[in-house]
């Protein structure tokens with residue numbers, strides 16, 4: 001298939017490479033020309049702008065920073081689109097923004113899928129991302145072969161916006177979850193109990209989770225290298241809290257967690273992994 | 001002086017009337033012309049036309065977007081106002097929006113102050129509003145006689161946006177105090193104690209406050225008719241939490257209060273008084 005790819009950052013570059021490996025013909029564009037080079041070396045074609053990418057493609061995928069960026073590149077895609085083009089955005093943005101972009105593209109006769117991912121850079125390189133998609137059944141079917149080069153757990157959740165709703169729910173669970181594990185670790189330490197033994201004991205019970213397993217271990221190793229940077233989790237939790245505000249939805253644990261992430265960004269922990277929330281707890285409790 | 005006023009709702013109408021009664025020539029524009037009926041003012045066809053005829057224009061609208069559209073939109077104030085004229089925005093909006101709009105107006109040498117108010121409809125009627133001002137001191141000095149028609153406590157907080165930051169702080173403290181009063185009333189009732197007596201007893205001590213006085217009274221009487229419509233506090237909390245986020249500070253209490261307001265909205269009580277936070281507690 002002729003696939004266009006817009007946005008070649010930490011996530012986008014390996015995803016586009018995996019599409020090439022899957023035998024697809026890939027045309028790429030990135031705001032910074034130098035980030036296109038590794039893809040051109042691997043056999044992709046370069047384009048001068050998103051419209052040119054759209055002209056050469058049956059499917060266009062974007063992986064950019066924020067909702068305004070998605071809206072901007074998708075407008076350019078619409079300007080260059082051939083009939084039958086399917087546009088896919090895999091960035092993490094607000095569900096309301098995704099729905100609006102979907103409506104604008106639909107008005108131009110273009111099917112749109114919101115398909116944010118979970119699994120981080122490691123998952124992007126390995127081609128094992130979780131993909132949560134929103135949009136029409138027929139557009140999803142056209143997109144699926146491309147998704148299969150990028151990810152493993154691919155779920156069509158529902159209509160337009162449903163993918164972003166799922167991603168926001170994912171960020172509630174991982175955000176509140178990482179804070180819960182950090183609190184458990186701080187609790188053990190302040191009580192003079194060995195955190196690694198606590199983790200080992202809990203992994204056999206109902207509190208066992210992937211976050212306790214992976215993030216808990218990295219907390220014990222005091223390895224705060226990202227992974228998933230705190231400022232990005234803060235941005236995603238802001239999407240959650242904005243949406244809750246708009247809908248009239250009471251999310252007390254998410255709200256408390258979002259405050260901790262605010263404080264991390266404000267106190268210089270933004271570039272560290274989200275498990276650095278442990279450092280903030282330690283500071284508050286005089287354990288630092 | 002020729003003074004313009006845009007946004008003639010519950011707050012704006014009495015404010016505009018005070019300016020007119022002080023001897024100023026009043027010009028108004030409204031999205032719905034019916035809302036300016038009966039005002040002793042000249043009705044203008046657009047904000048641009050109003051801007052052409054006035055030295056100072058007050059705005060008192062709902063959202064950042066409304067202020068932006070009235071000031072910078074098509075036929076907006078920016079197209080009519082002369083260099084040196086002043087926009088005084090009394091709406092409660094985001095500090096960064098206030099700064100952005102001021103900068104755009106500044107490109108045409110139009111001055112702007114953010115001047116949000118506290119004191120509610122009664123304060124607007126009695127001309128006793130607290131006014132917190134952001135912008136240049138020299139510009140404030142020019143419009144001070146006008147602001148003195150509206151309120152008694154006028155404080156120059158700092159440069160553009162500073163007035164809105166102060167207003168966000170005001171809303172943070174006030175709604176958290178309403179929540180605290182509601183929790184106290186809830187505890188008293190659940191413990192089988194007379195809420196009215198508790199409120200009466202506390203009024204003499206360290207926990208005494210205007211909020212306990214006014215909102216506590218409404219809670220005791222279970223009179224949840226607005227007052228201050230809770231949806232406006234809910235809107236303001238969106239601004240508060242946006243500002244704390246941008247500044248990278250933790251405000252755990254404001255975050256919890258924000259969630260209680262979300263629950264209030266979900267119950268359909270947005271047009272009732274914010275003392276309805278008591279009813280949210282009674283749901284659990």
If you line up the long axis of helix B:95-106 against the longest principal axis of chain B, both from Cα atoms, how many degrees apart are they, to the nearest 10?
-> 10 degrees
Based solely on its DSSP helices, what 222 nm [θ] is calculated for chain B when runs of n ≥ 4 H residues each add -39,500 (n - 2.57) and the sum is averaged over all residues, nearest 500 deg cm²/dmol?
-> -16000 deg cm²/dmol
Extended-chain gain in nm, criterion 0.36 nm per residue less alpha-carbon gap, residue A:42 and residue A:55 | 2.6 nm
Using only Cα atoms, figure out Rg for the protein assembly as shown and give it as a multiple of 2.2 N^0.38 Å.
-> 1.12
Which FRET efficiency value, to the nearest 0.05, do you get for residue B:121 and residue B:191 by plugging their Cβ-Cβ distance into 1/(1 + (r/R0)^6) with R0 = 41 Å?
-> 0.75
Helix B:162-190 versus the longest principal axis of chain B: what is the Cα-based angle in degrees, 0 to 90, to the nearest 10?
-> 20 degrees
Quick one: order A:85, B:43 by neighbouring beta-carbon count within 10 Å, fewest to most.
-> B:43, A:85
Using the Kirkwood radius over Cα pairs, work out the Stokes-Einstein diffusion coefficient for the range B:135-281 at 4 °C and 1.567 mPa s, in µm²/s as a whole number.
-> 77 µm²/s
In what order do B:269, A:29 fall by count of nearby beta-carbon atoms within 10 Å, going from fewest to most?
-> B:269, A:29
Assign one of three labels to the range B:2-158, namely rounded, prolate or oblate, based on the Cα gyration tensor with a ≥ b ≥ c the square roots of its eigenvalues; rounded applies when a/c is under 1.5, prolate when it is not and a/b is larger than b/c, and oblate otherwise.
-> rounded
Estimated FRET transfer efficiency when R0 is 35 angstrom, pair residue A:103-residue B:103 (beta carbons, to 0.05) | 0.65
For chain A, fraction of C-alpha pairs farther apart than 24 Å, in % | 53 percent
Distance between modelled label sites at residue B:96 and residue A:246, nm, 7 Å Cα→Cβ extension = 1.7 nm
Once the convex hull of the C-alpha atoms of the range A:2-159 is built, how many Å³ does it hold per residue, rounded to a whole number?
-> 90 Å³
What residue among A:214, A:170, A:238 has the largest mean-square fluctuation in a Gaussian network model of chain A, using Cα springs under 10 Å?
-> A:214
Anisotropy class of the range A:1-67 from Cα gyration tensor, a/c 1.5 cut | rounded
Just counting partner chain Cβ atoms within 10 Å, what average do the residues of peptide A:236-248 show around their Cβ?
-> 4
Report, in degrees rounded to the nearest 10, the 0 to 90 angle that the Cα long axis of helix B:230-247 makes with the longest principal axis of chain B.
-> 80 degrees
In peptide B:235-242, how many Cβ atoms from other protein chains are near each Cβ within 10 Å, on average?
-> 2
Using alpha-carbon positions, the gyration tensor of the range A:25-110 gives root eigenvalues a ≥ b ≥ c; with a/c under 1.5 called rounded, otherwise prolate if a/b exceeds b/c, else oblate, the class is oblate
Taking Cα centroids, how far is the range A:211-288 from the range A:155-191 in Å?
-> 10 Å
Starting from the Kirkwood radius over alpha-carbon pairs of chain B, derive D by Stokes-Einstein at 4 °C in a medium of 1.567 mPa s and give it in µm² s⁻¹.
-> 66 µm²/s
Computed over all unlike Cα pairs, the Kirkwood hydrodynamic radius of the range A:165-284 in Å stands at 14.6 Å
To the nearest 0.05, what FRET efficiency results for residue B:35 and residue A:34 with a Förster distance of 45 Å applied to their C-beta separation?
-> 0.20
Enter the Cα centre distance for the pair the range B:74-127 and the range B:218-235, rounded to the nearest angstrom.
-> 28 Å
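Readers should treat all values here as calculations from the given coordinates under stated rules, not as data from a laboratory. Keep in mind it's a predicted model, so treat the numbers as computed, not measured. Every residue, glycine among them, receives a Cβ derived from its backbone with ideal geometry; neighbour counts consider all protein chains shown.
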